[in-house]
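Below is one structure, written out as structure tokens; the observations come after it.
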Amino acid sequence: MSYDGKVLRRAAEKYDEDKQRREELFRARARECYLKEPRLEEIDSELSHTMAKIIASGFRRGTDPRTAIEALKEENLALQAERSEILVSLGYPADALEPKPNCPKCGDTGWKDSEMCSCLKSYYVREQNAELSQMLDLGTQSFESFNFDYYSREIVPERHSSPFQRMEKNYDACRDYAYEFSSRSGNLLLSGDPGLGKTFLSASIARVVSDAGHSVVYDTASHIFSRFEAQKFDRGDEDDSADQDVSRYMRCDLLIIDDLGTEMTTAFVQSVLYQIINNRLITGKKTIISTNLSPSTLGTRYGAAILSRIEGEYRILPFFGDDIRKLKRT
């Protein structure tokens, strides 16, 4: 599982801010306790020097340090017991002055055995969802809120099924894809006219996959191509944001490209699209493409090499029927 560096930096910043806030609250509580009973500050000072005493006893020549160490342990336990009694008498919990990590699994480092801990991952998911929400309505677009009522049950002869039947299959395929997403998942092409639910299902997938802790990047095709163009031709710009964006497109666990075909098609665009599709296939990264174009039209516009990879490596989900946006306005 890879992580979006841009999102991870923001998550780590929020994580550290909350950690510092908790530490300041602990220090404020300690100051409050010390004011009520100065002996507590004396005890904490003595306890903080225990380790130095143990180390010093270990280096003392000519004596067996074990006796001194045992004595220091007894002294330490006695001080802790005295502190607990004082705190309870003041109405505090007995362990009120014992610093405890918010996450016992990682000790508030955010990492455990070189893996991201669940505590930091929760921050990562929140930041990533905030990023996705800039382009998607994650608040309302979900599998649970999907409405089939706008899809006709009338059979379309050339399709041998109704829009409702087709959408049921597309919905099931997208839902299974989202909840079973892993490094073994495939790729999807959502193809059909505007207003048929392609973006809605893409957003639903993004939400589920993101909540599972995977890195997800959602962007329009035109903006993706513009960021590749900025990286290639704006080399005099000191801002490295284009490099960062291109890296995110290539390295994220799931890239969702929306509205492919609405951009101006050039040789550069064809080259970039091939680079994205081919490199992500080679590295095992997963991609979802949403387009108003049919697969055959994609081949005509972007070339046989791209069509070959889409037909061979993508599951194609066709969408047809009446524009839902128009139906909702009537």
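Taking amide H as placed 1.01 Å from N in the peptide plane, Leu188 has its amide H under 5 Å from the amide H of Thr287, Ile288, Ile289, Arg315, each at least 5 places away in sequence or on another chain.
Calculate, for Gln165 and Ser114, the FRET efficiency according to 1/(1 + (r/R0)^6) with r their C-beta to C-beta distance and R0 45 Å; round to the nearest 0.05. Calculated transfer efficiency: 0.40. How much FRET efficiency would the formula 1/(1 + (r/R0)^6) give for Ser2 and Lys326, where r is the Cβ-Cβ distance and R0 is 45 Å, rounded to 0.05? Taking R0 as 45 Å, the efficiency between Ser2 and Lys326 is 0.70. Full extension of the chain segment joining His223 with Ala267 gains 14.2 nm, where the gain is 0.36 nm per residue of separation less the Cα-Cα distance. When you filter the chymotrypsin sites (Phe, Trp or Tyr not before Pro) in the range 93-178 for DSSP loop state and at most 12 other Cβ atoms inside 10 Å of their Cβ, you are left with Phe148. Within straight-line reach of Lys105, meaning a Cα separation under 15 Å, sit the following aspartates and glutamates at least 8 residues removed in sequence or on another chain: Asp113, Glu115. Inter-label distance, Ser133 to Leu281: 3.7 nm, where each label sits 7 Å from its Cα along the C-beta direction.
Distant-in-sequence amide contacts of Leu196, defined by a placed amide H-H separation under 5 Å and a gap of 5 or more residues or a different chain, comprise Ile324. Among the listed pairs Lys19/Lys121; Lys36/Lys100; Lys19/Lys286, those with a Cα-Cα distance over 24 Å are Lys19/Lys286. GNM on the chain, alpha-carbon springs under 10 angstrom: the most fluctuating residue among Ser84, Ser122, Ser215 is Ser84. Taking 13 Å as the cut-off, the amide N atoms of the range 110-139 that come nearer than this to a point 7 Å along the Cα-to-beta-carbon line of Glu17 belong to 127.
Bridgeable lysines around Lys326 (alpha carbons under 27 Å apart, same-chain partners fewer than 8 residues away excluded): Lys169, Lys198. Two numbers describe the Cα atoms of the range 133-329: Rg and Dmax, which are 17.0, 58 Å. Taking every DSSP beta bridge that has both ends in the chain, the antiparallel portion is near 15%. Partnerless cysteines in the chain, where a partner means another cysteine C-beta under 4.7 angstrom, comprise Cys33, Cys174, Cys252. Taking other C-beta atoms within 10 angstrom as a stand-in for reagent exposure, Tyr218, Tyr179 fall in the order Tyr179, Tyr218, fewest first.
Candidates (1) 33; (2) 24; (3) 48; which is the computed percent of Cα pairs over 33 Å apart? Label of the calculated value: (3). A simple packing score, the average count of other Cβ atoms within 10 Å per residue, orders the peptides 180-186, 282-288 as 282-288, 180-186, with the highest score first.
None of the figures in this text is laboratory data; all of them are computed from the coordinates on show. Here the structure is a predicted model, which is why all the values come from computation and not from measurement. Reconstructed Cβ throughout: ideal geometry from the backbone, glycine too, with neighbour counts over all protein chains shown.
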